[in-house]
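FYI, it's all coordinate maths here, none of it is from the lab. Computed from a predicted model, the values in this text were never measured in an experiment. A quick note on method: Cβ atoms are made from the backbone with ideal geometry, for glycine too, and the neighbour counts reach across all protein chains shown.
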Amino acid sequence: MLHDTGLPSPVPHVDFTVRSAEIAREFLDQRGVPADGQELVANAIALHHTPGVSLDFGAEAFLLSAGAGIDVFGLRSDKVPDDVRRTVVRDFPRLGFKREFTRLWRAEARNVPRGRAWYLHRFAVTDLTIRLAPYRDAAGSS
């Protein structure tokens, strides 16, 4: 839930994934979560938009990265049955997610040159991949 709280990063040249990890660590620390649990969550968040996160990075990092990839870009969405995808989008409408996330992603890419958003925006053509993700917002448009 906290993985994108730092997007776009308000701190110049600090990648949103690092900022989000710091926010999560502070949140968990205030609630008495042990340091190893804080680190597990912070590492998963810091890695979640890094290309190539595998199970070798830990189950939490892999699942967060895979989930974000499905949600934002539609990566591996072919592995999710159509009826499951339709049910999730119906029960949790996207409400303009693609437009808003694209706006935030562009802001992050401008604020943090050479950060993950900049890299993915430049080399993975994120505006297009977000737009082509196989989900529709509540109004039925892409």
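Footprinting exposure proxy ranking of ASP78, ASP91, fewest other C-beta atoms within 10 angstrom first, gives ASP91, ASP78.
Given a Förster distance of 25 angstrom, what is the FRET efficiency for THR5 paired with ARG122, based on the Cβ-Cβ distance and rounded to 0.05?
0.55
Under 15 Å from a label point 7 Å along Cα→Cβ of VAL14: give me every residue in the stretch 31-62 with its amide N that close. Output list for this probe position: 46. Note on the chain: with charges restricted to the Cβ of Lys and Arg (+1) and Asp and Glu (-1), its dipole about the Cα centre is near 700 debye.
For the chain, the relative contact order works out to 24 percent when only alpha carbon pairs closer than 8 Å and six or more residues apart are counted. With K and R counted +1 and D and E -1, the other residues having a Cβ less than 12 Å from that of LEU64 yield a net charge of -3. Rounded if a/c is under 1.5, else prolate if a/b is larger than b/c, else oblate: which is the stretch 1-64, with a ≥ b ≥ c the root eigenvalues of its Cα gyration tensor? It comes out oblate by the Cα gyration axes.
Of the trypsin sites (Lys or Arg not before Pro) found in the stretch 1-90, the ones in coil according to DSSP and having at most 10 other Cβ atoms within 10 Å of their Cβ are ARG31. Report the FRET efficiency, 1/(1 + (r/R0)^6), for PHE57 and ASP83, where r is their Cβ-Cβ distance and R0 is 41 Å, rounded to 0.05. Result of the calculation: an efficiency of 0.85. Going 7 Å from the Cα of LEU75 in the Cα-to-Cβ direction, what parts of the stretch 13-56 have a backbone nitrogen less than 20 Å from that spot? It comes to 15-21, 41-56, nothing else. 3J(HN,Hα) along the stretch 11-18: 9, x, 6, 10, 3, 4, 5, 5 Hz, from the Karplus curve 6.51 cos²θ - 1.76 cosθ + 1.60 with θ = phi - 60°, whole Hz, x for Gly and Pro. Between SER9 and PHE16, the built amide H atoms are under 5 Å apart, and every one of these is 5 or more places off in sequence or on another chain.
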